[in-house]
Ligand SMILES: [Zn+2]
């Protein structure tokens, strides 16, 4: 049931405010307009905790453009969010209780990335060095370029390329402000490179699987974070009235219409499906490799998630998702379940699209941290806990008993390799 207060939202909503300024959310072209709301796009945010009593309230807030985090705690009825001068009135009108956890001043003082995190350049330098040192089983592949022209790199680990081994993908860095996941996936590239020929299990995996690791899907966004925009989530596409960014994880061609069409929203889904080079790069990689299993790593809710995002129904492969996802979640004490049932409905997310298109056992992970830019010690703790999860998922890609993989529709494959 949709709560009654949402009926009054259109009069107050940002969509309406923007329409008054000549901006039509979701329109193919948007004129830049000066106006009283223009400055609000660049205003600093606060971080808040919202209290709710049913999931429909969350869905209504999402639709009204409030930037909800994924750390939904249904048992206690709380969820984190960022608030701006535009979205705070929407929340206030809802009548839901909330408290501010971090002021705009505190966030600004925090600056970019905490000490110890690798920059985009550092990650790329390491990926190149690993590929150069191990040409017999590692290949550096540019799977696409970002909007600003930065390389989107994958490291491909296999000792038998092109032989049809079961393919598996691990990626992170779609959401720029989520810092720990990139540390984990970069550490994983080192673990595999250093372990081949020395560690029996890692050697077996590299000999029998086709492993793809994409540490930073959205390098432009991460640069924004490095520059001091610690709450930047999307890519950097310039939109009307100073708004910027498309959520690459809401841009896939799967129930895309249901996503957020308001350009200022932190989960803005873009002009059309796969409008963004970052999401298109992932689409093309998936189309080429037809991964048996995958995981898209985020933070900070402590969850293992799987499709569908757009519906609270289960897929026909729920039992298999639950069996594998449960193993991933259990030793970490994470929650586990479908995206729509565990957080809230999402539209155009990578995991759901990949499962629906290729039958991939496509997971999302939310690491359990104290925040998007948790101290590096938390990323190191996550890494210790996650090594066995990554190797398990890589192993699972070649499980001959898995019944999850279907042959999805063929997409045209550009020559990216
Ligand atoms: Zn995320």
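Just so you know, all these numbers are worked out from the coordinates, no wet-lab data involved. Predicted model only: the values in this text are computed from it and were never measured. Note that we place each Cβ from the backbone using ideal geometry, even for glycine, and neighbour counts take in every protein chain shown.
In whole Å and largest first, what semi-axes does the C-alpha gyration tensor of the chain yield when each eigenvalue is scaled by 5 and square-rooted? Intermediate results must be reported in sequence, preceding the final value.
Details: eigenvalues 240, 99, 87 Å².
The answer is 35, 22, 21 Å, longest axis first.
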Using alpha carbons only, how many angstrom separate the centre of segment 206-235 from the centre of segment 293-310? 16 Å
C-alpha long axis of helix 318-330 to longest principal axis of the chain, angle in °: 90 degrees
Just report the Cα centroid separation between segment 96-140 and segment 59-75, whole Å. 25 Å
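Can you give me the relative contact order of the chain as a percent, contacts being Cα pairs under 8 Å and 6 or more apart? Don't jump to the answer; show the numbers that get you there.
Details: 888 pairs, mean separation 72.7, N = 417.
For the chain, the relative contact order is 17 percent.
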If you count the DSSP beta bridges with both ends in segment 117-264, what percent of them are antiparallel, to the nearest 5? 70 percent
By DSSP, what percent of the beta bridges with both residues in the chain are antiparallel, rounded to the nearest 5? 55 percent
What is the extension gain from residue 318 to residue 370, computed as 0.36 nm multiplied by their sequence separation minus the C-alpha to C-alpha distance, in nm to one decimal? 15.7 nm
Restricting to bridges with both residues inside segment 222-381, how much of the DSSP beta-bridge set is antiparallel, in percent to the nearest 5? 25 percent
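Contour minus end-to-end for residue 392 and residue 377, with contour as 0.36 nm per residue of separation and end-to-end as the Cα-Cα distance? Don't skip to the answer; put the middle values down first.
Working: separation 15, 0.36 × 15 = 5.40 nm, distance 2.38 nm.
Computed gain between residue 392 and residue 377 is 3.0 nm.
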Can you give me the C-alpha center-to-center distance between segment 311-376 and segment 149-194, rounded to a whole angstrom? 19 Å
Modelled label reach - residue 132, point 7 Å along Cα→Cβ, segment 147-187 residues with backbone N closer than 18 Å: 151, 153-156
Mind pulling the angle between the C-alpha long axis of helix 120-133 and the longest principal axis of the chain? Nearest 10 degrees, somewhere in 0 to 90. 10 degrees
What 222 nm value per residue comes from the helices of the chain, counting each DSSP H run with n ≥ 4 as -39,500 (n - 2.57) and dividing by all residues, nearest 500 deg cm²/dmol? -10000 deg cm²/dmol
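Stretch residue 311-residue 97 to full length: gain in nm at 0.36 nm per residue minus the Cα-Cα span? Intermediate values should be presented prior to the final figure.
Details: separation 214, 0.36 × 214 = 77.04 nm, distance 2.68 nm.
Between residue 311 and residue 97, full extension yields 74.4 nm more.
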By how many degrees, between 0 and 90 and to the nearest 10, does the Cα long axis of helix 376-396 differ from the longest principal axis of the chain? 60 degrees
